[in-house]
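**Student:** Let me give you the structure first, and then I'll get to my questions.
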Amino acid sequence: MRIQDLELMAREQDRETDRQSIQAEAESQRRQMLSNQTAWRKANLSCQLLIDNMEIDELLHGGDNQSMRHRKVTKESLVESSSNITESLMSISRMMAERVKQSEDSIGVLATSSRTVQETNEEFKNMTGTIHLGRKLILKYNRRELTDKLLIFLALALFLATVLYILKKRLFPFI
């Protein structure tokens, strides 16, 4: 079920690199699980085959006391080897569970960092809009400043022309 969660999380990712890394991890977990299942089945079959062969040998060679004791000892050793195999399979299962937990943690970190990157990207887009608006306002302000300077210059020129006209009329009325 956890492998399906990984695959679902991979499909939900926005960035292709995140999606591919999560899918690769899910595929790795699936391969490891199948490998463990195959090893467990082989070990089970070999133990069962060994037990069956020993029982057949016992039936074919008769059931004297020594063979019964030998059979008990063999069964005990088979039980012990079967228990050892079971312990190793449980150990493999625990290691696999730890790997899945590590994968979940790394996927959580990836998802968190993806959200952070997306939030940063959105903030960058907002800042870009604000910067463009500020640029437009500054350009508009510069145009108005140029217009104001031109109007002040024209007003000053008109004022000086008026002063000169008045002086000319007062000082040189005959011209």
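**Student:** Suppose the filter is open to solvent by 90 Å² or more (accessible area, probe 1.4 Å), out of contact with any strand residue (DSSP E or B) (no Cβ under 8 Å at 6 or more places or on another chain) and at pLDDT 95 or above; does LEU171 pass it? Talk me through it step by step, then tell me what you get.
**Tutor:** Details: open to solvent by 90 Å² or more (accessible area, probe 1.4 Å): yes; out of contact with any strand residue (DSSP E or B) (no Cβ under 8 Å at 6 or more places or on another chain): yes; at pLDDT 95 or above: no.
When the stated conditions are applied, LEU171 does not pass them.
**Student:** Can you name every residue in region 20-43 that is under 10 Å from the mean Cα position of the chain (by Cα) and farther than 18 Å from LYS101 by Cα? Working first, answer last.
**Tutor:** Restricting attention to region 20-43, the residues satisfying the condition of being under 10 Å from the mean Cα position of the chain (by Cα) are 20-22.
Residue satisfying the conditions is GLN20 alone.
**Student:** Determine whether region 75-83 contains at least one residue that is open to solvent by 60 Å² or more (accessible area, probe 1.4 Å), aliphatic (A, V, I, L, M), at pLDDT 80 or above and on the phi < 0 side of the Ramachandran plot.
**Tutor:** The answer is no; no qualifying residue exists.
**Student:** Across region 5-47, what is the number of residues that are free of Cβ contacts under 8 Å to residues at least 40 places away in the same chain, of a type in the set (A, V, I, L, M, F, W, C) and either under 30 Å from THR74 (Cα atoms) or surrounded by fewer than 13 Cβ atoms within 10 Å (Cβ to Cβ) (or both)?
**Tutor:** The total comes to 5.
**Student:** So which residues in region 84-93 are open to solvent by 80 Å² or more (accessible area, probe 1.4 Å) and either within 32 Å of the chain's Cα centre (by Cα) or of a type in the set (A, V, I, L, M) (or both)?
**Tutor:** Scanning region 84-93 gives a single hit, MET90.
**Student:** Being in a helix (DSSP H, G or I), within 30 Å of MET54 (Cβ to Cβ) and of a type in the set (S, T, N, Q) is the requirement here; does SER113 meet it? Walk me through how you get there before you give the answer.
**Tutor:** Values: in a helix (DSSP H, G or I): yes; within 30 Å of MET54 (Cβ to Cβ): no; of a type in the set (S, T, N, Q): yes.
Taking the combined requirement at face value, the residue does not satisfy it.
**Student:** Hey, does region 3-13 have a residue that's small (Gly, Ala, Ser), in contact with a helix residue (DSSP H, G or I) (Cβ under 6 Å, 6 or more places away or on another chain) and farther than 28 Å from SER88 by Cα? Step through it out loud before you land on a result.
**Tutor:** Of all residues in region 3-13, those small (Gly, Ala, Ser) come to 10.
Filter once more, so that each one left must be in contact with a helix residue (DSSP H, G or I) (Cβ under 6 Å, 6 or more places away or on another chain): 10.
When the remaining residues are screened for being farther than 28 Å from SER88 by Cα, the result is 10.
Yes.
**Student:** So, one more: Among the numbered criteria (1) open to solvent by less than 90 Å² (accessible area, probe 1.4 Å); (2) modelled with pLDDT of 95 or more; (3) among the hydrophobic types (A, V, I, L, M, F, W, C), which single criterion is violated by LEU150?
**Tutor:** (1)
The values are calculated or read from the model by the stated rules, or taken from the named source; none is laboratory data. Predicted, not measured: the structure shown is a model, and the values here were computed from it. Methodologically, a virtual Cβ is constructed for each residue, glycine included, from the backbone with ideal geometry; neighbour enumeration extends over all protein chains shown. For accessibility, only protein heavy atoms count, side chains too; no ligands or nucleic acids. Shrake-Rupley method; radii C 1.70, N 1.55, O 1.52, S 1.80 Å.
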